[in-house]
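Before any comments, here is the structure.
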Amino acid sequence: MALQTNRQLEVVLIDDDDDDFYLLKQAFKAYSNQLVLRHLSSSTELSELLSSVSALPDLILLDFHMPLLTGLELVATLKQNLNLYRIPIVIWSGSLDASQVVQCYQAGASSVILKSDDQPSLERSVRALCIYWFETVQLPTYM
């Protein structure tokens, strides 16, 4: 699908599961070739990336259950940074209880999505995610 922009859009996935990345990459490719999915395995890798790039990612997908900093802690840290707080952060996790979902939103998560069990469901979730974040809402431009 063609997105409502002429440029490539970058989504950064922070997830320590390589299999999840592979499946998600296939789902993003099935949706649009304008989306670049970058995989990082830890909050340390994200810090290194964000300090070394001139263009910020358009969206961050973040697993809740991570080593070092949890997804919840990382959301709170990113939202306190004046250069990064505008980047939408979507928590993407296999299992969350109701109190964890509330905590994600309180920390500043833009959305919370449960990981899909099969590829067709994952592709539907990615399609809905992309339609919302890249075709429906107006995102800020980073200068």
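The values are calculated or read from the model by the stated rules, or taken from the named source; none is laboratory data. Computed from a prediction, not measured in an experiment: that's the story for all the values here. Here the Cβ positions follow ideal geometry from the backbone for every residue, glycine too, while neighbour counts run over all protein chains shown.
Yes/no per residue for (1) surrounded by fewer than 18 Cβ atoms within 10 Å (Cβ to Cβ); (2) touching a residue at least 60 places away in the same chain (Cβ under 8 Å):
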residue	(1), (2)
Ala55	yes, yes
Met66	no, no
Leu78	no, no
Arg124	yes, no
Subject >> So Leu72, is it in a helix (DSSP H, G or I) and at pLDDT below 90 >> reply: yes
Original post:
Can you find even one residue in the stretch 31-42 that is modelled with pLDDT under 85, farther than 18 Å from Ser93 by Cβ and assigned to a helix (DSSP H, G or I)?
Top reply: no
**OP:** Would you point out the residue of the stretch 113-122, among those that are closer than 15 Å to Leu13 by Cβ and touching a strand residue (DSSP E or B) at 6+ places or on another chain (Cβ under 7 Å), that is surrounded by the most Cβ atoms within 10 Å (Cβ to Cβ)?
**Re:** Lys115
Original post:
Within the set of pairs 6+ apart or on separate chains, which have a first residue in the stretch 130-141 that is at negative phi, a second that is acidic (Asp, Glu), and C-beta atoms under 8 Å apart?
Top reply: Trp133/Asp58; Phe134/Asp58; Leu139/Asp58
Original post:
Here is a list of conditions, (1) at pLDDT below 90; (2) out of contact with any Pro (no Cβ under 9 Å at 6 or more places or on another chain); (3) surrounded by 15 or more Cβ atoms within 10 Å (Cβ to Cβ); (4) closer than 21 Å to Lys25 by Cβ, and Gly94 meets all of them except one; can you say which number that is?
Top reply: (3)
**OP:** Please work out if Leu129 is among the hydrophobic types (A, V, I, L, M, F, W, C) and within 25 Å of Arg7 (Cβ to Cβ).
**Re:** yes
Original post:
Among (1) in contact (Cβ under 8 Å) with a residue 24 or more places away in the chain; (2) under 16 Å from Ile14 (Cβ atoms); (3) of a type outside the set (Phe, Trp, Tyr); (4) in a helix (DSSP H, G or I), which single condition is Ile87 missing?
Top reply: (4)
Subject >> Cross-chain or 6+ apart pairs with Cβ under 8 Å, the stretch 100-120 first and of a type in the set (Phe, Trp, Tyr), then at pLDDT 95 or above >> reply: Tyr105/Val112
